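Visitor: Starting off with a structure, shown below.
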Amino acid sequence: MENWSQLWLNYHPAKDKGLFRYAGEIRSSEDTPILKNAVRELSRGLSGITGAFKGSGDGFIELCRDDSLPHEGYSISPTEDRMVISGGDDRGILYGVFALLRSFALGKSPEEAKETASPDNPLRMLNHWDNMTSDIERGYSGESFFFEDGKILLNERTEDYARFCASVGINAVVINNVNVKGDASFLITERYFPELRQMSELFSSWGISLYLSLNFASPMEIGGLLTCDPLDASVKAWWSEKAEEIHRNIPGFGGFLVKADSEGRPGPFTYGRTQADGANMLADTVRPYGWLIIWRCFVYNCRQDWRDRKTDRAKAGYDSFIGSDGLYRDNVILQIKNGPMDFQIREPVSPLLLGLKNTNVMLEVQIAQEYTGHQIDVCCLLPLIREVLETQAGTGLPRVREIISGKAFGNGNRCGIAAVSNTGNDPNWTGSDLAAVNLYGFGRLAFDMDLSSEEIIREWAELTFKADAEAIGIIEKILTRSRAVYENYTTPFGLGWMVTPALHYGPSPMGYEYSAWGTYHRADHFGVGVERGIDGSGFAQQYPEPLAGIYNDPETCPEELLLFFHHVPYAFRLKDGRSLIQALYDCHFEGYQELLEMAEEAKALSGRIPEASFQNIKERFELQVQNAREWCDQVNSFFYRLSAIPDEHGREIY
Ligand code: GCV
């Protein structure tokens, strides 16, 4: 038995509602690597769930191709004696197998297991920020399971990781950090080809394409050239040769993810070239192999002067990319963080997502809890992701989900969604047992954007824990409200950036206020928030109407984003009649109180879920309670000392 968790693929015994009779035999017409894995997984899962597999049932499960189904699509159809899983291709069949196993594990009936589905998003990707030095940038669950001391790791955990990904429909994985340095620059050289080849084969057998993050300065750093100017002929030739070499050595390779001109990384700006010049040069060199260039839009000036109120980091992504809309090759996808800043607990949707109409785009979210509690604080991010997908509802504008799935502007299958992964080599993979909901949920949501957070949470909890209905209910309740609670005791109303600099855990209300990172809240004696309307930085005007108008006016701006868009006096009246300052106090006190309640509720899980999970959850709640208390007291004291306005309810502020 492995000494690491099987997460939601635990396959513990479930109740039979008529499905078990199909578990007698598995028939597969073909024997491709993916189908071999599909059959193996099915028999592994069924033996755990039914406890009796190996020829005991009368019926059978049949896996087959059906060309009328779309790429990666599947259909599950029960008849009297057989359960047919058909797929548009091998990946489709594999996804059908996992869907059927889910139905078995959740105790569904044959009728409930019946389904025809295909993924909403063409690319469903995980980005790992794993370094070859073993550590993970913004990792909160141990060290890398891909790299150790400059070497690539390939073992049973790699295979389990691929199984977990496939089980929720992830079809692409970038294994190394976007900040490519040191040994990682050599991943595209013969030093690492043998292991990468094996990894790519392993991933492919689970329907996953291997991607690498790229160092834009590779021609200089590993190629001995004196420039990496994308328009230089020797640079282009170098990349063409490199791509051919990689193609020869790593079959199944998917392409590159590139962070350029950002936070000290090299890029085309150094040579007075555009981001499009850089991306297109690479795209041309990889075109013969059908690979993609995924180019990140996280480009901004990280050496800003805090005195300067006109420069606004929130505007940088749009400003750097919008002018080249339509100029990108069709094998380039621009990867855009969900908000214009950097994965705060709440941000408006990036205006770039709405603005680029003639360019392939994909959404980037972060399930590594960098600003959302380091996988110590429980924070289920599914409500946040769901909001991003739906944000434009009611405005007549296309919704983000339509944009990233290629439906809004007709950019076909060059689009999708990526998450910065929250995994590491901890035995439970995600540091906190509860944080695995974000990994599971991201995959499920990327595949099916109609799923609600509640549905996913419940499904995950039932699959993960062998627990009674009451325990599942407790976990569901905790997770469902966790994001709102975290937001309340940290930075409500879109405030952001009161976090301890660099570490990004715990409060430091003035920590980023005089920094060079462009991360300010501009709190003073009279009010708080960044003025981003027409009389401020003008960020609100980067949105199409009616959003630009809605965000521009503090009276129409959604309250949960008020301080993101406006510098607002403390006496400003919210819709419920409270002053802003009172609402700030209330949120913090209530958030902390709610957290205490959640921590108390979690105690009832004792004896109801496996002891190791209970201890993991309990210990993390103890730390979270301390963290939330610091946030509550420090932020409230900060505002009280600045404004000199007392809390109407006379609660203790220091
Ligand atoms: C990988 C933020 C993080 C960095 C991260 C960067 C990015 O700035 O703090 O650790 O670098 O985002 O997304 O590239």
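Visitor: Is one or more of the residues making up the stretch 329-345 farther than 28 Å from residue 534 by Cβ, out of contact with any strand residue (DSSP E or B) (no Cβ under 7 Å at 6 or more places or on another chain), touching a residue at least 40 places away in the same chain (Cβ under 8 Å) and open to solvent by 20 Å² or more (accessible area, probe 1.4 Å)?
Guide: Taking every residue of the stretch 329-345 in turn, at least one turns out to be farther than 28 Å from residue 534 by Cβ, out of contact with any strand residue (DSSP E or B) (no Cβ under 7 Å at 6 or more places or on another chain), touching a residue at least 40 places away in the same chain (Cβ under 8 Å) and open to solvent by 20 Å² or more (accessible area, probe 1.4 Å).
Visitor: Could you figure out which of (1) in contact with a Ser or Thr (Cβ under 9 Å, 6 or more places away or on another chain); (2) surrounded by 24 or more Cβ atoms within 10 Å (Cβ to Cβ) isn't true of residue 120?
Guide: Looking at each condition in turn, residue 120 falls short on (2).
Visitor: Taking residue 515 as the residue in question, decide whether it is touching a Ser or Thr at 6+ places or on another chain (Cβ under 6 Å), within 16 Å of the ligand (Cβ to nearest atom), modelled with pLDDT of 95 or more and of a type in the set (Ser, Thr, Tyr). If you could, list the steps in order and put the result at the bottom.
Guide: Numbers: touching a Ser or Thr at 6+ places or on another chain (Cβ under 6 Å): no; within 16 Å of the ligand (Cβ to nearest atom): yes; modelled with pLDDT of 95 or more: yes; of a type in the set (Ser, Thr, Tyr): yes.
For residue 515, the condition - touching a Ser or Thr at 6+ places or on another chain (Cβ under 6 Å), within 16 Å of the ligand (Cβ to nearest atom), modelled with pLDDT of 95 or more and of a type in the set (Ser, Thr, Tyr) - is not met.
Visitor: Being within 15 Å of the chain's Cα centre (by Cα) and more than 30 Å from residue 148 (Cα to Cα) narrows it down to one residue among 414, 386, 399; which is it?
Guide: Residue meeting the stated conditions: 386.
Visitor: Does residue 322 fit the bill of being in contact (Cβ under 8 Å) with a residue 24 or more places away in the chain, open to solvent by less than 40 Å² (accessible area, probe 1.4 Å) and hydrophobic (A, V, I, L, M, F, W, C)?
Guide: No; evaluated as a whole, the condition is false for this residue.
Visitor: Still on this structure: With the structure loaded, tell me whether residue 389 is open to solvent by less than 10 Å² (accessible area, probe 1.4 Å), within 16 Å of the ligand (Cβ to nearest atom), modelled with pLDDT of 95 or more and under 21 Å from residue 409 (Cα atoms) or whether it fails that test.
Guide: Values: open to solvent by less than 10 Å² (accessible area, probe 1.4 Å): yes; within 16 Å of the ligand (Cβ to nearest atom): no; modelled with pLDDT of 95 or more: yes; under 21 Å from residue 409 (Cα atoms): yes.
The answer is no for residue 389.
Visitor: Given the condition within 19 Å of the chain's Cα centre (by Cα), under 24 Å from residue 370 (Cβ atoms) and within 16 Å of the ligand (Cβ to nearest atom), answer yes or no: does some residue in the stretch 178-199 qualify?
Guide: Yes: the stretch 178-199 contains one or more residues that are within 19 Å of the chain's Cα centre (by Cα), under 24 Å from residue 370 (Cβ atoms) and within 16 Å of the ligand (Cβ to nearest atom).
Visitor: Given the residues 366, 375, which is the only one that is within 16 Å of the ligand (Cβ to nearest atom) and either under 15 Å from residue 7 (Cα atoms) or open to solvent by 10 Å² or more (accessible area, probe 1.4 Å) (or both)?
Guide: None of the other options fit; the residue is 366.
Visitor: If I go through the stretch 450-479 residue by residue, how many of them are at pLDDT 95 or above and in contact with a Pro (Cβ under 8 Å, 6 or more places away or on another chain)?
Guide: Residues in the stretch 450-479 being at pLDDT 95 or above and in contact with a Pro (Cβ under 8 Å, 6 or more places away or on another chain): 2 in total.
One line per residue, one yes/no per condition, for (1) in contact with a helix residue (DSSP H, G or I) (Cβ under 7 Å, 6 or more places away or on another chain); (2) more than 16 Å from the ligand (Cβ to nearest atom):
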| residue | (1), (2) |
| --- | --- |
| 331 | yes, yes |
| 339 | no, no |
| 407 | no, yes |
| 410 | no, yes |
| 420 | no, no |
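Visitor: OK, next. Given the structure, is residue 357 within 16 Å of the ligand (Cβ to nearest atom) and open to solvent by 10 Å² or more (accessible area, probe 1.4 Å)?
Guide: It is false that residue 357 is within 16 Å of the ligand (Cβ to nearest atom) and open to solvent by 10 Å² or more (accessible area, probe 1.4 Å).
Visitor: Sticking with this one: Within the stretch 567-581, can one find any residue that is acidic (Asp, Glu) and either closer than 30 Å to residue 474 by Cα or assigned to a helix (DSSP H, G or I) (or both)?
Guide: no
Visitor: Of all residues in the stretch 265-299, which are without any contact (Cβ under 8 Å) to a residue 40 or more places away in the chain and within 24 Å of the chain's Cα centre (by Cα)?
Guide: Within the stretch 265-299, 299 is the sole residue that qualifies.
Visitor: Report those strands (runs of 3 or more DSSP E) wholly inside the stretch 47-153 carrying at least 3 residues which are away from the ligand (no atom under 16 Å from the Cβ).
Guide: It comes to 60-65, 74-78, 82-87, 115-117.
Visitor: Taking the stated definitions as given, is residue 636 within 17 Å of residue 493 (Cβ to Cβ), assigned to a helix (DSSP H, G or I) and open to solvent by less than 70 Å² (accessible area, probe 1.4 Å)?
Guide: yes
Visitor: With the requirement that a residue be more than 29 Å from residue 468 (Cα to Cα), without any contact (Cβ under 8 Å) to a residue 40 or more places away in the chain and buried (at least 18 other Cβ atoms within 10 Å of the Cβ), what does the stretch 67-101 give you?
Guide: Of everything in the stretch 67-101, those that are more than 29 Å from residue 468 (Cα to Cα), without any contact (Cβ under 8 Å) to a residue 40 or more places away in the chain and buried (at least 18 other Cβ atoms within 10 Å of the Cβ) turn out to be 84, 85, 86, 87, 88, 89, 92.
Visitor: Scan the helices (runs of 4 or more DSSP H) fully inside the stretch 446-553 and keep the ones with 3 or more residues being open to solvent by 10 Å² or more (accessible area, probe 1.4 Å) and under 23 Å from residue 434 (Cβ atoms).
Guide: Values: elements: 453-464, 469-489, 547-552.
Qualifying helices (runs of 4 or more DSSP H): 453-464, 469-489.
Visitor: Check off (1) of a type in the set (S, T, N, Q); (2) farther than 24 Å from residue 365 by Cβ; (3) in contact (Cβ under 8 Å) with a residue 24 or more places away in the chain for residue 155 and give me the number that stays unchecked.
Guide: Answer for residue 155: the failing condition is (3).
Visitor: Specify which of the listed residues (104, 146) is under 15 Å from residue 176 (Cα atoms), of a type outside the set (Val, Ile, Thr) and open to solvent by less than 20 Å² (accessible area, probe 1.4 Å).
Guide: That would be 146, the only listed residue that is under 15 Å from residue 176 (Cα atoms), of a type outside the set (Val, Ile, Thr) and open to solvent by less than 20 Å² (accessible area, probe 1.4 Å).
The values are calculated or read from the model by the stated rules, or taken from the named source; none is laboratory data. All of these numbers come straight from a predicted model, not from anything done at the bench. Using ideal geometry, Cβ is built from the backbone for each residue, glycine included, and neighbour counts are taken over all protein chains shown. To get the accessible areas, we keep the full protein, side chains included, count just its heavy atoms, and leave off ligands, DNA and RNA. Shrake-Rupley method; radii C 1.70, N 1.55, O 1.52, S 1.80 Å.
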